[in-house]
Amino acid sequence: MTGTTHLTRLRTRMLATAYSNADFWARRWAFLTDQAVGALARRDSAAAEALAASLLAPEFLHDTQILGAAVEAGIDTSHWEERREKARSYAREAHELPPRFDPDTEARRLWASLFEHYRPIAAALAGYLRELPPTWQEDLFTSSPDSPADHRSDPERPGPETAPYDVSWEDCPACFEAQDQCRYHAGVLAGMEYQRDLITTALTDHVAIDQLQQRHAEREAGAAQTAAADTSTPATA
């Protein structure tokens, strides 16, 4: 793309990201940013070109730049430092977790997270463990072709996250811990992708459109018949 403008190069990158990136949020941000840059280009081509050049420049952002822009926009940034440190701490814990972690340390970490965020589940788990027979260690961890211990997962993989899922993806500790989408948000993404495919099919597939229209007509006719039957039925005294 030698000789092209900064704006064209930037929009090419963003649209390519929106088309090919596997992460839903990265795709959405790239596309909406492209639309915003395109709208700016239609109003002020010089400003759009300058913005594209700055976005393509390999310069690091400083806190003062970001906070200054937030203050200018009237945004409250008082909680940002705490939020960033929380995200970084989770990222450090996940990154620094050794491949062969200490079982006792990992068990305490998982239990603390479970107890903090899911106390009813922690209580149920404690009750379940108390009801195990006295031979539970031999039953669970003695290796044999038929024992659970013979089918354990890869010991080099860290344990599953137990962080809460009632938060947005931006503040989800499980996503920070996994350094990717956690199981909940991956499921949300899969559901949104499935819904998008259904909507796309309903808007573009002529067979599906005909079936939907036929089903809609049937439902409308059924509702009309029910309403007519209700109005024709004499009220009981």
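So which of 145, 98, 155, 58 is at pLDDT below 85, under 30 Å from residue 12 (Cβ atoms), part of a loop (DSSP other than H, G, I, E, B) and not aliphatic (A, V, I, L, M)? Every option except 58 fails the conditions.
Over 28 Å from the mean Cα position of the chain (by Cα) and modelled with pLDDT under 85: does that describe residue 4? Criteria met by residue 4.
Does residue 28 count as over 24 Å from residue 65 (Cα atoms), modelled with pLDDT under 90 and surrounded by fewer than 17 Cβ atoms within 10 Å (Cβ to Cβ)?
For residue 28, the condition - over 24 Å from residue 65 (Cα atoms), modelled with pLDDT under 90 and surrounded by fewer than 17 Cβ atoms within 10 Å (Cβ to Cβ) - is met.
The number of residues in the range 191-237 being under 30 Å from residue 172 (Cβ atoms) and open to solvent by 60 Å² or more (accessible area, probe 1.4 Å) comes to 8. Out of the residues in the range 108-125 that are part of a helix (DSSP H, G or I) and within 14 Å of residue 173 (Cβ to Cβ), which is most open to solvent (accessible area, probe 1.4 Å)? Looking at residues that are part of a helix (DSSP H, G or I) and within 14 Å of residue 173 (Cβ to Cβ), I get 116.
The values are calculated or read from the model by the stated rules, or taken from the named source; none is laboratory data. This structure is a prediction, so every number in the text was calculated from the model and none was measured. Note: ideal-geometry Cβ built from the backbone for every residue, glycine included; neighbour counts use all protein chains shown. We work out accessible area using only protein heavy atoms, side chains counted, and drop any ligands, DNA or RNA first. Shrake-Rupley method; radii C 1.70, N 1.55, O 1.52, S 1.80 Å.
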